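To keep things clear, I will list the structure first and then write my remarks on it.
The values are calculated or read from the model by the stated rules, or taken from the named source; none is laboratory data. Since we're looking at a predicted model, the values are computed, not measured. Here the Cβ positions follow ideal geometry from the backbone for every residue, glycine too, while neighbour counts run over all protein chains shown. Protein only, heavy atoms only, side chains kept; ligands, DNA and RNA dropped before computing areas. Shrake-Rupley method; radii C 1.70, N 1.55, O 1.52, S 1.80 Å.
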Amino acid sequence: MTETGVSLLDMKNISKSYGHVQALQDVSFNLRSGEVMALLGENGAGKSTLVKLLSGLITPDSGSITLNGEPRTLGTPSAARAAGIAVVQQEFSLVPTLTIAENLFLGSGDVRGLWTGKRLANLARPLLDTVGLEDLDPRRFVSSLSVGELQLVEIARLMGRNAEIFILDEPTAALSDVEIVRVMQVVKRLTAMGRSVIYVTHRLGEVFQIADRATIFRNGRSLDPVPVSELTIDTLVERLLGRHLGEMYPPRAASLGAPRLEIKDLSTPGLSAPISLTARQGEIVGLAGQMGSGASSVLRSVMGISFTSSGTVHLDGTDITKANRQKAISMGVGYCSDDRKFDGIFQLQSVMKNLSSAAINRFSTAGWLSNSRERSLAGQVASKFAFDESRLPSNAGNLSGGNQQKVAVGKWLAISPKVLLVEEPTRGVDVGARAEIYRNLRTLADEGLTIIFASSDMAEVKGLSDTVMTFYRGHLIRVLPAGEITDQQMMLDVTHASVSSTPTTDAVNLSDEV
Amino acid sequence: MSTIVETAAKPRLVMSRAKAFNVALAVGVVVVLIVSGLTQPEFLSADNLVATVRAAALIGIAAVGMTFITLTGNFVSLSTEQTAVITAILCAMALGAGWPMWAAVVVPLAVAMVIGALQGIFVALGLNSIITTLGAGAAIFGIANVITNSKTIQARVPDPMWLGTARPLGIPIQVWIFVVLVLITMVVLRKTSFGRTVKMIGSNSNTARSSGLRITRAVVASFIIASVFAGICGVLLVAQVNQAKTLNFTGFNIDVVAAVLVGGTAIQGGEGSTLRTALGAIVIAMLTNYMLLAQYEYGTRLIITGFVVGGAVIAFNWVRGKSSS
């Protein structure tokens, strides 16, 4: 690890806004050659905006980018590629129906003449070797590879394009432990070869294993880069969370009602061990966990979306274990996924039709819609969720991310729900709309609604919940009243196991005492 | 993080878009009418106009039915002409066998309903609609050839049937049926929970599912509507010409799809109206009729129709892109 490499990439005073939303504000970022720079921050802090800037997908409103001492503009993806910046895609850009070798050289223009299997395989061999895939036959089809192997092949492909800067955006989010080790080894190999890596991650343990320095983003601003050797997990968590939670989150419930949703010994795909949970009237339960932790699996199983292999779910004493989605909705259970564009809103329909979409039977008689009843229903929902009624006729797709999220969550009020299940209630939502969503949810809970949400945003879980449950890799780690759990404890619960279970812990030894 | 700034002008723009589409289509109809009238005087003759609106009515009825499939986001049905053919043949056979008219109409339409329901079920189960209807169309056409031995079936009705030749208020009965079906479907799409469901599925089937909408039911019903409306075209043809053969509706699929697309129904679903489809059918029928009068070759007619459809789809997409970005 070259601690004193020369400055390779220097970004200064970068600002970028989307409409009213300031995604990046006066951000600076520095990368030396041969180093791994961890890029950390909560959801919406601006990490992905920075990655998009570097990959040429967007241009900054102001600020300068210097590469190898020369000022650069990375206006287009091809310009970024030509500058030697390579993004290892979260959604992989390999063609599954071609072989590994074919993928490695697809579009590179380096291999002229006939693409015979043998010739390509020979050319592919050295590239695969550098990423530790010595055993992989280049003539295998990409569709037969595991997620980890895909990522390594993708890195090999980018090596073939002579990339200098590799951006790995949450590379380990979907990987098994063994594959994580392989990816980490390759990252080290890359830096040993003088390449630089920007490593975006939510798993703090990985920072200590792999990174030389860390840059932390908070609400669109950057903190100065810190050598990892000067950090401890405590100081890192402190830096990550350092903001005023006071105004962001409403006060917790004064008192809770009777048990409303009772989950007993629930097993479902995504959970490694059965879990039990009781949510009371007026309670907000926060399930904290990273992607793949099993937190959202619980919600999906209750809603009848994913299979419940064993256990029971009772709503006000009624068994709803076997209820499908329509049945659950009719019983008063609403569910909002973490991807509003995928299955949360109808982008090309009006806000009014969106807000009423889950409750068509509430404004129709024998199949006939009543426009006036629909309007009043949508109006009620809008006023309950602090939504500007003048926007009811606009298309949902034309709203800001925050307002779209308010539509996706708020539409469930139309069914007069007893229980609301929400995944990532504020993903991709700016700070202002976040606070509003939190306030709305708390108001609804105070009126008796039970809310269970899953989130990878620790501050959100702690700030919004009455009860916190932490999840790691399919296991329920801890259940505590939100007032009694510390930020650090939560952060450790949802990330620390990745450190202790990974054999390459050479940089830090976190104690396992939890 | 794709954040779009909303402006006060947006809602009005969205509201006016549907109107703009309607106006554009009406203008299209008038332009074709004027140009055709000026260059081919016989285009405006009473006989020719009657023939044109009859053709427009048949294309239009099938297209209005197909609009439901398109709105659910299941593209189009490629078994429309085959369904019309088999219904026509069954109707002619029934009449030839001496069945009363009502039975000779209702039974073939019931068959069309079953044909539609089967395709709808397959599509609702996840099969691609193009493949499903293409396969169904081939099978249906095969059956039609087998049961007719590829011969023309005579209905042998002594007097011309009113269902084919009546002209209340001087307007052909087919046009009346067309107009009534357009009005009914407009009401269904706007005023019923089924119509709402159809549009919501087409807008985003995943959101529709997560909102608890009854997707299977709506998709199957849409295929039934499309199929029965195609069947109505078959019955109307028999009533008019007193016979049926397998080649009666050759090229009908393309005309019907063209009408839906020229009508500006979004091919990805969720947006469109049967009124606009109806106007699209009139444009296609007039265009075809004009080109026949002007004695264009078959190939030339296809080329021009193709360009009109392509141009319309591009124009509508452009307008949509403008107002939704």
Task: Projected area averaged over orientations for segment A:337-416, convex hull of C-alpha atoms, nm² - done: 4.9
Task: Scattering curve values for segment A:7-241, log₁₀ I(q)/I(0), Debye with Cα scatterers, q = 0.10, 0.12, 0.18 Å⁻¹ - done: -0.47, -0.67, -1.36
TODO: Starting from the amide H of residue A:287, placed 1.01 Å from N in the peptide plane, find each other amide H under 5 Å away whose residue is 5 or more places distant or on another chain.
DONE: A:453, A:454, A:455, A:469
Task: Label-point gap, in nm, between residue B:187 and residue B:247 - each point 7 angstrom along Cα→Cβ - done: 4.2
Task: Accessible area of residue B:256 in the full protein assembly, 1.4 Å probe (Å², nearest 10) - done: 0
Task: Where labels lie 7 Å past Cα in the beta-carbon direction, separation of residue B:35 and residue A:276 in nm - done: 7.7
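Where in chain B are the DSSP H helices whose C-alpha atoms run 20 Å or more along the long axis and whose mean Kyte hydropathy is at least -1.0?
B:9-39, B:46-71, B:80-96, B:101-124, B:129-148, B:173-191, B:215-241, B:274-293, B:298-324
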- [ ] With a 1.4 Å probe and every protein chain left in place, tell me how much accessible area residue B:245 has, in Å² to the nearest 10.
- [x] 80
TODO: Could you pull the accessible area for residue B:99 with a 1.4 Å probe, rounded to 10 Å²?
DONE: 110
Open item on the list: Using the Karplus curve 6.51 cos²θ - 1.76 cosθ + 1.60 with θ = phi - 60°, what ³J(HN,Hα) values do you get for each residue of segment A:139-156, in whole Hz, with x for Gly and Pro?
Closed with: 8, 6, 7, 4, 4, 8, 8, 7, 4, x, 5, 4, 5, 5, 4, 4, 5, 4
- [ ] For residue A:61, enumerate residues with amide H under 5 Å from its amide H, sequence gap 5+ or separate chain, H modeled in the peptide plane.
- [x] A:15, A:16, A:17
- [ ] From largest accessible area down, sort A:343, A:135; use a 1.4 Å probe on the protein chains.
- [x] A:135, A:343
TODO: Go through A:52/A:341; A:16/A:52; A:327/A:462 and tell me which ones have a Cα-Cα distance over 21 Å in this structure.
DONE: A:327/A:462
Task: Those aspartates and glutamates that a straight Cα-Cα span of less than 15 Å connects to residue A:418, excepting residues fewer than 8 apart in one chain - done: A:262, A:283, A:316, A:319, A:446, A:447
Open item on the list: Using the Kirkwood radius over C-alpha pairs as Rh, can you work out the diffusion coefficient of the protein assembly as shown via Stokes-Einstein at 37 °C, viscosity 0.692 mPa s, in µm² per second?
Closed with: 108
- [ ] Order the peptides B:178-184, A:154-160, A:253-259 from the highest to the lowest mean number of other Cβ atoms within 10 Å of their residues.
- [x] A:154-160, B:178-184, A:253-259
TODO: Go ahead and estimate [θ] at 222 nm for chain B from helices alone: -39,500 (n - 2.57) per DSSP H run with n ≥ 4, summed, over the residue count, rounded to 500.
DONE: -25500 deg cm²/dmol
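Can you tell me the dipole magnitude for the protein assembly as shown around its Cα centre, using point charges on the Cβ only (Lys, Arg +1; Asp, Glu -1), in Debye to the nearest 20?
Details: 71 positive and 62 negative charges, 575 e Å.
So the magnitude is around 2760 debye.
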TODO: May I ask you to evaluate 6.51 cos²θ - 1.76 cosθ + 1.60, the Karplus curve with θ = phi - 60°, for each residue of segment A:382-388 and list the ³J(HN,Hα) values in order in whole Hz, giving x for glycine and proline?
DONE: 4, 6, 5, 9, 6, 10, 4
TODO: Would you mind counting up the charge near residue B:190? Only other residues with Cβ under 11 Å from its Cβ, with Lys and Arg at +1 and Asp and Glu at -1.
DONE: +3
TODO: Rounded to the nearest 10 degrees, what's the angle between the helix A:431-446 long axis and the longest principal axis of chain A, both from Cα atoms, 0 to 90?
DONE: 30
Task: Estimated dipole of chain B in Debye, rounded to 20 [Cβ of Lys and Arg +1, of Asp and Glu -1, Cα centre] - done: 960
- [ ] With a 1.4 Å probe and all protein chains in place, put A:462, A:341, A:118 in order of accessible area, largest first.
- [x] A:118, A:341, A:462
TODO: Taking 7 Å along the Cα-to-C-beta vector as the label spot, tell me the residue A:224-residue A:25 distance in nanometres, rounded to one decimal.
DONE: 2.1
Open item on the list: Show me you know the interface measure: the accessible area buried between B and A, both chains summed, probe 1.4 Å, in Å² to the nearest 100.
Closed with: 3500
Open item on the list: How compact is segment B:260-310 by the rule of thumb for globular proteins, expressed as Cα Rg over 2.2 N^0.38 Å?
Closed with: 1.26
- [ ] Could you point to the residue in B:316, A:279, A:321 farthest towards the positive end of the protein assembly as shown's charge dipole, with +1 and -1 charges on the Cβ of Lys/Arg and Asp/Glu respectively?
- [x] B:316
Task: Surface per residue (accessible, 1.4 Å probe) for the protein assembly as shown, Å² - done: 41
- [ ] State the dimensionless ratio Rg/Rh of chain B (Rg: radius of gyration of Cα atoms; Rh: Kirkwood radius).
- [x] 0.98
Task: Positive-end residue, the protein assembly as shown charge dipole about Cα centroid, Cβ charges, pick of A:334, A:469, B:38 - done: B:38
TODO: May I ask you to derive the FRET efficiency for residue B:19 and residue B:97 from their Cβ-Cβ distance with R0 = 51 Å, giving the value to the nearest 0.05?
DONE: 0.50
- [ ] Kindly sort A:314, A:475 by accessible area of their heavy atoms, largest first, with the probe set to 1.4 Å.
- [x] A:475, A:314
TODO: Between residue A:89 and residue B:47, take the C-beta separation as r, use R0 = 60 Å, and let me know the FRET efficiency to the nearest 0.05.
DONE: 0.40
- [ ] Could you go through segment A:75-88 in sequence order and give the Karplus-derived ³J(HN,Hα) for each residue, using 6.51 cos²θ - 1.76 cosθ + 1.60 with θ = phi - 60°, rounded to whole Hz, and x for Gly and Pro?
- [x] x, 10, x, 6, 5, 5, 5, 5, 7, x, 9, 10, 9, 7
